[in-house]
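Asker: Here it is: the structure, laid out below.
The values are calculated or read from the model by the stated rules, or taken from the named source; none is laboratory data. Predicted, not measured: the structure shown is a model, and the values here were computed from it. Cβ: placed from backbone, ideal geometry, glycine included. Neighbour counts: every protein chain shown.
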Amino acid sequence: SLYLIPTTTRTVVLLRLHNLHSPGHQRRAGHPTISQTLTTSSPPSFCGTGRTGDLQSILSVMEDAQSFIYIAVMNYLPTMEFSHPKRYWADIDTQLRRVSYEKRVRVRLLISCWASTQPIMFPFLKSLASVYDPKSRLDIQVRLFVVPATPQQKEIPFARVNHNKYMVTDKIAYIGTSNWSGDYFVSTAGSALVVNQTASESSETTVQSQLQAVFERDWDSAYSTPLTQHSNLKNLC
């Protein structure tokens, strides 16, 4: 099936059955093709024939990066967060370490920090942040993003926290619905949009460049705090 979706910017998105090997296309009226688009799903049981899984697309986007990988998510855990007994789940974590080491890709993680943040998340994030050695060209850095809140604002459930779930590289923008722990890709329903505009012939800004600007704004903001091996997390979130 083919669906035409008009938007306020006169963009028409062509959505078909597509995957990593056969992406869809996004066109502007009267302009050449400017992007390839891909929608993904999780868990695998929700992926119809030919549909790319959400985890597969994340790992592929990381593999495709040549210069940098910027990630902004609320929760990041290399575990099955809700499973009993506890299970380690390192698919994404291992890929980040691998591309940092093998391809010398610059990695930045901006993780939300608030009253409901699980303390177990910090040792894993510190482990990732330890993969930093300029002499060896290893460059993984982690920062915590804290939204200030008054005592009254803190009473509002699930508020005053950055719910971002996206990744942007030098080539691709990935915008998803899932936190980054194993359960969200193995047993929880989610979806994502992947946009590649590297072949764009338009002079207009791309989704990738806009998302990169959003990340860099937040990364350099007063609400962002570097996470190091000596960070005192007691009162931070």
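Asker: For the stretch 41-84, how many residues are crowded, with 18+ Cβ neighbours inside 10 Å and either of a type in the set (Phe, Trp, Tyr) or touching a Cys at 6+ places or on another chain (Cβ under 8 Å) (or both)?
Answerer: The qualifying residues number 4.
Asker: For the stretch 6-111, which strands (runs of 3 or more DSSP E) that fit wholly inside it have 1 or more residues that are at pLDDT 95 or above? Please lay out each step first, then the result.
Answerer: Details: elements: 11-15, 24-28, 35-42, 68-73.
By residue number, 68-73.
Asker: Does Thr205 fit the bill of being out of contact with any Phe, Trp or Tyr (no Cβ under 8 Å at 6 or more places or on another chain) and farther than 30 Å from Ser83 by Cβ? Spell out how you get there, then give the answer.
Answerer: On the way: out of contact with any Phe, Trp or Tyr (no Cβ under 8 Å at 6 or more places or on another chain): yes; farther than 30 Å from Ser83 by Cβ: yes.
It is true that Thr205 is out of contact with any Phe, Trp or Tyr (no Cβ under 8 Å at 6 or more places or on another chain) and farther than 30 Å from Ser83 by Cβ.
Asker: Shifting gears a bit: Scan the stretch 116-138 residue by residue and report those that are touching a helix residue (DSSP H, G or I) at 6+ places or on another chain (Cβ under 7 Å) and assigned to a loop (DSSP other than H, G, I, E, B).
Answerer: Val131
Asker: Which of the residues that make up the stretch 152-195 are among the aliphatic types (A, V, I, L, M) and touching a residue at least 12 places away in the same chain (Cβ under 8 Å)? Explain how you work it out, then say what you get.
Answerer: Step one: list which residues in the stretch 152-195 are among the aliphatic types (A, V, I, L, M), which gives 156, 159, 161, 167-168, 172-173, 175, 186, 189, 192-195.
Hits for the stretch 152-195 are Val161, Met167, Val168, Ile172, Ala173, Ile175, Val186, Ala189, Ala192, Leu193, Val194, Val195.
Asker: Would you please list the contacts, defined by Cβ atoms under 6 Å and residues six or more apart or on different chains, that run from a residue in the stretch 102-125 that is among the aliphatic types (A, V, I, L, M) to a residue that is in a loop (DSSP other than H, G, I, E, B)?
Answerer: What qualifies is Val105/Ala65; Met121/Leu77; Leu125/Leu227.
Asker: Determine the pairs where a residue that is in contact (Cβ under 8 Å) with a residue 12 or more places away in the chain, located within the stretch 211-234, has a partner that is part of a helix (DSSP H, G or I) and of a type in the set (A, V, I, L, M) with Cβ atoms under 6 Å apart, the partner being 6 or more residues away or on another chain.
Answerer: Leu227/Leu125; Leu227/Ala129
Asker: Please specify each residue of the stretch 141-151 satisfying the condition of being farther than 12 Å from Pro226 by Cβ and either outside any loop (DSSP other than H, G, I, E, B) or without any contact (Cβ under 8 Å) to a residue 60 or more places away in the chain (or both).
Answerer: Ala149, Thr150, Pro151
Asker: I need the full set of residues from the stretch 210-237 which are in a loop (DSSP other than H, G, I, E, B) and small (Gly, Ala, Ser), in order please. So that I can check it myself, show each step before the final result.
Answerer: Taking the stretch 210-237 and keeping what is in a loop (DSSP other than H, G, I, E, B), we get 220-223, 227-237.
Of everything in the stretch 210-237, those that are in a loop (DSSP other than H, G, I, E, B) and small (Gly, Ala, Ser) turn out to be Ser221, Ala222, Ser231.
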